[in-house]
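Have a look at the structure below before the remarks.
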Amino acid sequence: MTKRSLLLGAALLTLSPLPALAADAPLLHPMFQDHGVLQRDKPIAVWGTAKPGEPVTVTLGNAQITAKAGKDGRWQATLPALQAGGPFTLKAKSPSAEQAANDVLVGDVYLCSGQSNMEMQVRRSLDAYNETGQRANQPLMRYLNVERDTATAPKRDFAKPVRWQVISPQSVGDMSAVCYFFGREMRKLEDVPVGLINTAWGGSTIEAWMPAEDLRLQTEYQDDLTFLAKYDSNRTEGVRGFTDSWQNWWKGVGKGTPWTEAPGQGEGWRDAPASFRAWETWGVPELAAYNGLVWMRASITLTAEQAKAGVALHLGPVDDLDVTWVNGTPVGSLYGPGDPRRYPLQPGTLKPGVNTITVAILDGYGDGGLYGSAEAQAIELADGSLLTLPTPWQYRPAPVDTSNTPHAPWGTVDGLSTIHNAMLAPIGPYGVRAALWYQGESNTAKPTQYKSLLAGLMAGWRRQLGADLPFLVVQLPEWGYPQEKPMESGWASLRESQRAAVAADAKAGLAVALGVGDWYDIHPANKQIVAKRLVRAARKVVRGENIAPSGPLPAAVTRTGDTVSVRFTDIDGSLKALSYHRPLGFELCGEGPGTCRFVDADLKGDTVVLPVGGGPAVRVRYCWAESPICNLQDSARQPPGPFEAVVK
């Protein structure tokens, strides 16, 4: 389709009001709505629901096909591939209903996912004033945002409404900055409509985005996946199974069984402030900067009638993780910073007389504790009324090793497959040209396993979205104050896992983000450069251009006499050491941790030469820190990514 006809379509959008979807005929899945974009040059899958057994006729332009709804009412049809163009009307019609999606374009669709740096909005990005102004008049770009949600099993439908939006100065501010800037840059290369699907959640781990079958290939998740499956079929049994595991962990690091103690029992309990706020603000010196576990408990006296009528426990928001018991019976657990808790209570959990609510709260960073008003902590009765838990609560710090604390697998940002089930699975087999992945900050505590996890994520998503789906992965940028000595770094190790996973996948590309981070802000504002580096990777992986996609790469690391040489390939132009006559950031290391030292390097063409001196030279590391100081770039201003390599 010509540029002129595309612009004409955009003009029609602004001049001609389009009919709304038929409210009484929800035949089409919510992915198919007004202003949507369908993937060009591929067969187009369309699906939805109808009365069981009904035929459904689907038309798009001159194409038409008929499908039949199954016993569950689900139907799916595949339309022939179309070239870029539009606008079209997508129609679905059955004997009892009819629905249309208007102003549908055919072009390139990109799926954007990850945690907060993918979620971060355009209005928070660099030069936001101009980026949300006339630059955002993009009538041929459309955006669909998937709202935060979780589920214990894959869902076919979204629990929260989704809709396609035309990108404009009025709508762009709350859109994902990386996603939008990437789509805008791709339109400069290919003058076709662009659809952007953003499904991201700040703080989420990669495990939450992976299908369960791929997580099962990782041995350490077997027990938790069993708890999750049990929880999905029988919530009470799932909670009990997980809590047994948590109690066994506690017995290995702590003392006693606080969940069995009644009011007045146990040592070290103190009254908490009556107002509910972070424990860092209580004025208790040992909690002023406390990240760790604190036990809290409250009690309430119930009549026999009230105990019988109690159906749920409300705790209000908790930060970060809780495990909760009522009268020694486990009732719930969740990792969900700031998420209110409502835990159903099985008959017999409450009793006439004094009832004890015990909560173990684990805070990993920032503020911790129970939040909200005193009224937020209550027993819910069958008629919907609430019995507020009396204050003051009691608390008892437990400064134990929490590095291996079990987390319930049905958590929000750290559950197993839970975000995938609710925010990716409902997208179905929608046509997508490439997936963008910007995540990893929440996995830096266990960085080495990230390579296999990322490989599993890509494999699982390709089963849903197509075996040939390209992945464009953002490597973590710098964050934190630079160190004066070599350090062991979870961030650096995770970057290495990202690099290795992408290098092992012919359909994946890496965007090296070093140089665009922020020492003081884990959410750097310069998302435009991140997008441009993603586009460079896309030029190779998606478009098939003969281009160095991810900056210079180490091709060989060898020792000759008293020097170690690192030869680079994939150099665009020549290799340069910026702002200094020598490359910075190279280390020589021995076998284990703590054996690395910075070395004065020399740049000779495509090779960096490192003097061995008197120390070990078993490994070479480059840019190995949370915030490394490195100065190599090629003529295209592409930096080599951080790496660790064995000296040959």
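The values are calculated or read from the model by the stated rules, or taken from the named source; none is laboratory data. All values reported here derive from a predicted model rather than from experimental measurement. Counting neighbours? That spans all protein chains shown, and the Cβs are built from the backbone with ideal geometry, glycine included. Side chains included, ligands, DNA and RNA excluded: accessible areas come from the protein's heavy atoms. Shrake-Rupley method; radii C 1.70, N 1.55, O 1.52, S 1.80 Å.
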- Query: Where the only charges are on Cβ atoms (+1 Lys, Arg; -1 Asp, Glu), what is the dipole of the chain about its Cα centre, to the nearest 20 debye?
  - Reply: 1860
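Where the accessible area of the range 280-376 is counted over protein heavy atoms with a 1.4 Å probe, how much of it, in %, is carbon and sulfur?
Values: 1990 of 3560 Å².
Carbon plus sulfur share of accessible area: 56 percent.
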- Task: Excluding residues on the same chain fewer than 8 positions from Lys507, give the lysines whose Cα lies under 17 Å from its Cα.
- Result: Lys451, Lys540
- Query: What area, in nm² and to one decimal, does the C-alpha convex hull of the range 162-210 cast on average over all directions?
  - Reply: 4.7
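Peptides 619-632, 97-110: what's the order by average Cβ count within 10 Å, highest mean first?
On the way: 619-632: 21.6, 97-110: 23.4.
Ranking, from highest mean packing down: 97-110, 619-632.
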- Using alpha carbon centers only, the range 94-153 is separated from the range 317-357 by a whole-angstrom value of 37
- Out of (i) 17, 47, 29, 7, 0; (ii) 17, 43, 33, 7, 0; (iii) 14, 35, 35, 14, 2, 0, which label holds the value of P(r) over Cα pairs in 20 Å bins from 0, in percent that was computed here? (ii)
- Note on the structure: Contact order relative to length for the range 468-610, counting C-alpha pairs under 8 Å separated by 6 or more residues, stands in percent at 21
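Please give the per residue accessible area of the range 578-648, computed with a probe of 1.4 Å over protein heavy atoms only, in Å².
Numbers: 3130 Å² over 71 residues.
So the range 578-648 comes to 44 Å² accessible per residue, rounded to a whole number.
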- Could you do me a favour and compute the accessible area per residue for the range 124-261, 1.4 Å probe, result in Å²? 43
- What is the set of long-range amide H partners of Leu510 at a cut-off below 5 Å, with H atoms built 1.01 Å from backbone N? Val473
- Within the accessible area of the range 498-597, what % is carbon and sulfur when the probe is 1.4 Å and the other protein chains stay in place? 49
- Item | Sulfur and carbon atoms: percent of accessible area, the range 100-243 [1.4 Å] | 45
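Give me the 1.4 Å probe accessible area per residue for the range 413-500, excluding ligands and nucleic acids, in Å².
Values: 2510 Å² over 88 residues.
Per-residue accessible area for the range 413-500 comes out at 28 Å².
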- Report relative contact order for the range 27-130 in percent, whole number only (criteria: Cα-Cα under 8 Å, sequence separation at least 6). 30
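With the cut-off at 1.5 for a/c, could you classify the range 252-291 from its C-alpha gyration tensor as rounded, prolate or oblate?
Working: a/c = 2.63, a/b = 1.53, b/c = 1.71.
Oblate, since a/c reaches 1.5 and b/c is not below a/b.
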- Item | Gyration tensor verdict on the range 98-163 (Cα atoms; rounded if a/c is under 1.5, prolate if a/b is larger than b/c, oblate otherwise) | oblate
- Message: Cut-off under 18 Å on the C-alpha distance; same-chain residues fewer than 8 positions from Lys604 excluded. Which aspartates and glutamates are left, in chain and number order?
- Response: Asp562, Asp570, Asp572, Glu587, Asp634
- Item | Charge dipole (the chain, unit charges on Cβ, about Cα centre) - positive-most of Met31, Thr595, Gln498 | Met31
- Please say if the range 507-569 is rounded, prolate or oblate, where rounded means a/c under 1.5 for a ≥ b ≥ c the square roots of the C-alpha gyration tensor eigenvalues, and otherwise the choice is prolate for a/b larger than b/c and oblate otherwise? oblate
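For the full complex of protein chains and a 1.4 angstrom probe, list Ser574, Ser233, Ser497 by accessible area with the highest value first. Don't jump to the answer; show the numbers that get you there.
Working: Ser574 50, Ser233 100, Ser497 10 Å².
The ranking, largest first, comes out as Ser233, Ser574, Ser497.
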- Item | Per-peptide average of other Cβ atoms within 10 Å, ordering 276-287, 539-550, 427-438 highest first | 427-438, 539-550, 276-287
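Given the -39500 (n - 2.57) contribution per DSSP H run of 4+ residues, what per-residue ellipticity at 222 nm results for the chain, rounded to the nearest 500 deg cm²/dmol? List each step's numbers first, then the result.
Details: 11 runs with 120 residues, N = 648.
It comes out at -5500 deg cm²/dmol, rounded to the nearest 500.
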- Message: Output wanted: per-residue J couplings in Hz (rounded whole) for the range 452-468, from phi through Karplus 6.51 cos²θ - 1.76 cosθ + 1.60, θ = phi - 60°, x for Gly and Pro.
- Response: 6, 5, 5, 4, x, 4, 5, 5, x, 5, 5, 4, 7, 9, x, 5, 9
- Over the range 537-587, what is the relative contact order in whole percent, taking alpha-carbon pairs under 8 Å and six or more residues apart? 25
- In order over the range 62-74: 3J(HN,Hα) from phi, Karplus 6.51/-1.76/1.60, θ = phi - 60°, whole Hz, x for each Gly or Pro, gives 8, 8, 8, 8, 10, 10, 10, 5, x, 4, 8, x, 7
- So who's got an amide H within less than 5 Å of the one on Leu38, skipping anything under 5 residues away but keeping other chains? H placed 1.01 Å off N, in plane. Leu105, Val106, Gly107
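Between their Cα atoms, which of Lys91/Lys527; Lys91/Lys230; Lys230/Lys251; Lys51/Lys155 are more than 29 Å away from each other?
Details: Lys91/Lys527 38 Å; Lys91/Lys230 41 Å; Lys230/Lys251 24 Å; Lys51/Lys155 20 Å.
Listed pairs above 29 Å: Lys91/Lys527; Lys91/Lys230.
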- Output ³J(HN,Hα) for the range 308-314: one whole-Hz value per residue in order, computed from phi by the Karplus curve 6.51 cos²θ - 1.76 cosθ + 1.60 with θ = phi - 60°, and x for Gly and Pro. 5, 8, x, 10, 7, 10, 9
- Keeping all protein chains in position, work out how much accessible area Arg582 exposes to a 1.4 Å probe, and write it in Å² to the nearest 10. 70
- Given the candidates Ala278, Ser299, Ala289, the one whose Cα lies deepest towards the positive end of the charge dipole of the range 265-310, counting +1 at each Lys or Arg C-beta and -1 at each Asp or Glu C-beta, is Ser299
- Task: Assign unit charges at the C-beta atoms only (+1 for Lys and Arg, -1 for Asp and Glu), then state the dipole size of the range 175-235 relative to its Cα centre in Debye, rounded to the nearest 20.
- Result: 280
- Hey, can you grab everything whose amide H is under 5 Å from the amide H of Asp572? Only 5+ residues off in sequence or another chain; H modelled, so Pro and N-termini drop out. Ser635, Ala636
- Which one of Tyr231, Gly202, Val311 is farthest out on the positive end of the charge dipole of the range 197-332, using unit charges on Cβ (Lys, Arg +1; Asp, Glu -1) and the Cα centre as origin? Val311
- Test item: Cα-centred dipole of the range 463-611, Lys/Arg +1 and Asp/Glu -1 on Cβ, debye: 560
- Task: Please list the radius of gyration and Dmax for the range 267-396, considering alpha-carbon atoms only, with Å as the unit.
- Result: 14.2, 43
